[in-house]
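The values are calculated or read from the model by the stated rules, or taken from the named source; none is laboratory data. Just so it is clear, the structure is predicted and the values come from calculations on it, not from any experiment. Positions of Cβ are backbone-derived with ideal geometry, glycine not excepted, and every protein chain shown enters the neighbour counts.
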Amino acid sequence: MKIALLFILSYLLGSFPSGVIIGNVFYHKDIRDFGSGNIGTTNTFRVLGRPAGVVVLILDIFKGALGTYLPVLLGYPHNYLMLIAGIAAVIGHCYSIFLKFTGGKAVATSAGVLLAYNPQFFLIAITIFLIILLLSSMVSVSSIIGSVLVVLSSLFLKDLPFTILLLVLATFLIYRHRSNIARIKAGTESIVPFGLVHYLRKKQD
């Protein structure tokens, strides 16, 4: 019963639609009607600009971290309950009860899970993501390849429950990026205005 309650509370935290709220309250725009239609950080940057994107990024990481750390705040030890709560927060972000069970693609919220459970490994994961982003100039490629490399890197920690969690999150994240994978194959995926691929395309033009 306690685990079920933790799951529900973490799910509700993850369901908080940061991008939609920031867009509607401060910009009078529903970001679901613009760009890729996604509620996450990348589309927020694209539609509302850098300040809004940074705020949404921080909020999405925070809700993942808070949802994951919730068991500790309620008096439970730092253990597998955090991993269960973290998965609940990610599910909430992707299938928000406040958005008729639609949502984002879980990248920033998953990062929040790592931050709460293992801050040092969170820094490793962010480094992996940024390196791939600088090479590919694509957030989707960084998210997909990065999630796989993060799972492999976690094997050195010898924390099997954590590795299993990361494997679940990576699988879920890749599934949520199905449309991006199709665009990557077709050569139509959007790129960020920096990085190696951006430089090569600009030079080619």
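Considering region 1-25, the residues that are buried (at least 20 other Cβ atoms within 10 Å of the Cβ) and aliphatic (A, V, I, L, M) include one that is nearest to Val72 (Cα to Cα), namely Leu6.
The listed residues are Leu81, Leu165, Leu70, Leu157, and the only one of them that is in contact with a helix residue (DSSP H, G or I) (Cβ under 8 Å, 6 or more places away or on another chain) and surrounded by fewer than 19 Cβ atoms within 10 Å (Cβ to Cβ) turns out to be Leu157. Considering region 1-35, and only residues there that are in a loop (DSSP other than H, G, I, E, B) and touching a residue at least 24 places away in the same chain (Cβ under 8 Å), the residue that is farthest from Ala85 (Cα to Cα) turns out to be Pro17. Cβ-Cβ contacts under 9 Å between residues 6 or more apart (or on different chains), taken from a first residue in region 178-190 that is under 20 Å from Arg201 (Cα atoms) and touching a residue at least 60 places away in the same chain (Cβ under 8 Å) to a second residue that is in a helix (DSSP H, G or I) and of a type in the set (D, E, K, R), are listed as Ser190/Arg46; Ser190/Arg183. For Gly75, are the conditions met, namely being surrounded by fewer than 24 Cβ atoms within 10 Å (Cβ to Cβ) and either touching a residue at least 24 places away in the same chain (Cβ under 8 Å) or more than 18 Å from the chain's Cα centre (by Cα) (or both)? In short, yes.
Taking region 36-100 as the region of interest, the helices (runs of 4 or more DSSP H) fully inside it that hold 1 or more residues being out of contact with any Lys or Arg (no Cβ under 7 Å at 6 or more places or on another chain) and more than 24 Å from Phe7 (Cα to Cα) are 41-48, 50-73.
Each row is one residue, and each column tells you yes or no for (1) of a type in the set (Phe, Trp, Tyr); (2) crowded, with 20+ Cβ neighbours inside 10 Å; (3) touching a Pro at 6+ places or on another chain (Cβ under 8 Å).
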| position | (1), (2), (3) |
| --- | --- |
| Ser96 | no, yes, yes |
| Leu99 | no, no, yes |
| Val113 | no, yes, no |
| Gln120 | no, no, no |
| Ile131 | no, no, no |
| Ser142 | no, yes, no |
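A search for C-beta distances below 7 Å between a residue of region 132-146 that is over 16 Å from Ser36 (Cβ atoms) and any residue that is buried (at least 20 other Cβ atoms within 10 Å of the Cβ) and of a type in the set (Phe, Trp, Tyr), counting only pairs 6+ apart in sequence or on different chains, returns Gly146/Phe129.
The lone criterion from (1) within 22 Å of Thr102 (Cα to Cα); (2) touching a residue at least 40 places away in the same chain (Cβ under 8 Å) left unmet by Ala170 is number (2). Scan region 175-205 for residues that are of a type in the set (S, T, N, Q) and assigned to a helix (DSSP H, G or I) and the total you get is 3.
Per-residue answers, yes or no, for (1) farther than 16 Å from Leu157 by Cβ; (2) touching a Cys at 6+ places or on another chain (Cβ under 8 Å); (3) modelled with pLDDT under 95:
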residue	(1), (2), (3)
Lys63	yes, no, no
Leu81	yes, no, yes
Ile87	yes, no, no
Gly92	yes, no, no
Lys105	yes, yes, yes
